[in-house]
Amino acid sequence: MMTNPIKRRTIINLGSMAAVAGSVAAARAAARPTAAQLQTMVPSVSKAAVGYRDIPWHGRVCGACVWFKPPDAGTTVSHCHLVAGPISAAGWCQAWMKP
């Protein structure tokens, strides 16, 4: 005699959650830009549109983002492939994406 049978609804719910998680992972991978795409991008999104701020959020910083563009030789100003204007390597915005 089974004391704790697995309900059909539980199995269906777990299957649905696994499918959604897989779809989200696939969408994130597809959205990741290639090196060639990054070279041709012109930053055009305003800082306000992506909620940019000059401080990190939960350990996430612009310097560790796929969109980050390090300073050119001889300068200390960082930029972003997505956000217009200078940014801080220690900043963060809602467009942050792990490289």
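The values are calculated or read from the model by the stated rules, or taken from the named source; none is laboratory data. Computed from a prediction, not measured in an experiment: that's the story for all the values here. Cβ sites come from the backbone with ideal geometry, for glycine too, and all protein chains shown count toward neighbours.
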Query - Residue tally, condition surrounded by 10 or more Cβ atoms within 10 Å (Cβ to Cβ) and either of a type in the set (A, V, I, L, M, F, W, C) or modelled with pLDDT under 85 (or both), over region 40-61 - result: 7
Query raised in the report: Based on what the data block shows, is GLY63 closer than 17 Å to ALA35 by Cα and either among the aliphatic types (A, V, I, L, M) or in contact (Cβ under 8 Å) with a residue 12 or more places away in the chain (or both)?
Result: yes
Query raised in the report: Any idea which residue in region 83-99 is surrounded by the fewest Cβ atoms within 10 Å (Cβ to Cβ), counting only those that are under 15 Å from LYS47 (Cβ atoms) and under 12 Å from the mean Cα position of the chain (by Cα)?
Result: GLN94
Report task. For region 47-86, name all the residues that are within 18 Å of MET97 (Cβ to Cβ), in contact with a Gly (Cβ under 9 Å, 6 or more places away or on another chain) and in a loop (DSSP other than H, G, I, E, B). Result -> LYS47, TYR52, PRO56, VAL61, PRO70
Report task. Residue by residue through region 66-82, note down the ones that are farther than 17 Å from ARG32 by Cβ and surrounded by 15 or more Cβ atoms within 10 Å (Cβ to Cβ). Result -> SER78, HIS79
